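Have a look at the structure below before the remarks.
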Amino acid sequence: MFSPEIKNDVTRNTFPVYAASAHPLSLDDLRKAFRFHYNDTEHDPYLHCNPKEPYRPVSIFRTTQTHILHVRPDLPQAIGRVDYMAMGMAALSVFLPYYQGINTLPEAYKRGSKTSSADSAYWKFRKVQALGMVNYNRYAPVIRAAYDQFEAETTQRQREMEEAYLQICETRPIAAQELLQNFSDKLLLRALKVTDDLTEELFTRLTADIQAEYLFHGA
């Protein structure tokens, strides 16, 4: 994906241990890589509804978390070190920034077990993914449209917050810390709202699809 000049035979596992990228990698590049599933090719297991596909995709349903660690040494550690994490299957999830400088997370992000629960952020994201996998070709585009927009908006909001943080971090460190924490709290809660709205949208569509398939006429 990032070193196209290297020709690999995926059936023989001839990949090099390390390879240089043909260009500097961006966050978008890495998000795309973690969501890769031989998209739109004959080996795309989700496009072709083929759970027996021999080519293993990068993005698989049993994934618990996907992390991208971004270190920018030219910035204060509080905002210069960020863990972008997607809960569950990256192809049907959203990468959220967790700054090193935050002290706490919304309560929903602290909850989660092997049993689905309405108060767990993890399970909110997993419910969307499970619904998406019911009919990937129909529902995945709905999920990606919502999360892609959210990630794009988040990137812009991050720039604005970081600029404001840099203006006050040396002279007003407490205010800077509060700024960062408030930004994180609002962002993570907004992600849950987007996810809850997606769940309702998907259930609505799934209900209509089932009704259309099993529409028996008459009283």
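Carbon and sulfur: what percent of the range 42-92's accessible surface (1.4 Å probe)? Let's see the in-between values first.
Values: 1560 of 2810 Å².
Its accessible area is 56 percent carbon and sulfur atoms.
Take the Cα coordinates of the range 50-98, assign each an equal point scatterer, and use the Debye formula without solvent to give log10 I(q)/I(0) at q = 0.32 Å⁻¹. Calculated log10 I(q)/I(0) at the listed q: -1.11. The range 120-149 and the range 159-182 have Cα centres lying 33 Å from one another.
Would you mind calculating the gained length between Ile210 and Leu25 on full extension (0.36 nm times residue separation, minus the Cα-Cα distance), in nm to one decimal? Don't jump to the answer; show the numbers that get you there.
Working: separation 185, 0.36 × 185 = 66.60 nm, distance 4.27 nm.
Extra length available between Ile210 and Leu25 comes to 62.3 nm.
Contact order for the chain, expressed relative to its length and based on alpha carbon pairs under 8 Å spaced 6+ residues apart, stands at 14 percent. Any idea how far apart Tyr55 and Asn182 come out in nm if each label point goes 7 Å out from Cα toward Cβ? That separation, rounded to one decimal, is 4.9 nm. Distance between the modelled labels on Tyr18 and Lys110, one decimal in nanometres: 4.1 nm (7 Å Cα→Cβ projection).
For the chain, build the convex hull from the C-alpha positions and give me its volume per residue in Å³. The partial results should precede the final answer.
Details: hull volume 35.6 nm³, N = 219.
It is 162 Å³ per residue.
Just to be sure I follow: if Rg is taken over the C-alpha atoms of the range 28-120 and Rh is the Kirkwood radius over the same atoms, what is Rg/Rh? Over the Cα atoms of the range 28-120, Rg/Rh equals 1.06. Within the listed set Ala33, Ala91, Ala140, the Gaussian network model of the chain (springs between alpha-carbon atoms below 10 Å) gives the highest mean-square fluctuation for Ala33.
The figure for Phe34 is an accessible area of roughly 70 square angstrom, using a 1.4 Å probe on the protein chains alone.
Find me the longest stretch of the chain that has none of the exposed trypsin sites (Lys or Arg not before Pro), where exposed means in a DSSP loop (not H, G, I, E or B) with at most 12 other Cβ atoms within 10 Å. The reported range is 115-219. Residues in the chain average 61 Å² of solvent-accessible surface per residue, probe 1.4 Å, ligands and nucleic acids excluded. When all protein chains stay in place and ligands, DNA and RNA are ignored, the 1.4 Å accessible-area order of Tyr98, Tyr147, largest first, is Tyr98, Tyr147. Among Pro51, Pro24, Pro76, the residue with the largest mean-square fluctuation in a Gaussian network model of the chain, with springs joining Cα atoms closer than 10 Å, is Pro24.
The values are calculated or read from the model by the stated rules, or taken from the named source; none is laboratory data. The structure displayed is predicted, hence computed values, not measured ones. Neighbour counts run over all protein chains shown; Cβ positions are idealised from the backbone, glycine included. Ligands, DNA and RNA are stripped out before the accessible areas are found, and what is left, the full protein with its side chains, is counted by its heavy atoms. Shrake-Rupley method; radii C 1.70, N 1.55, O 1.52, S 1.80 Å.
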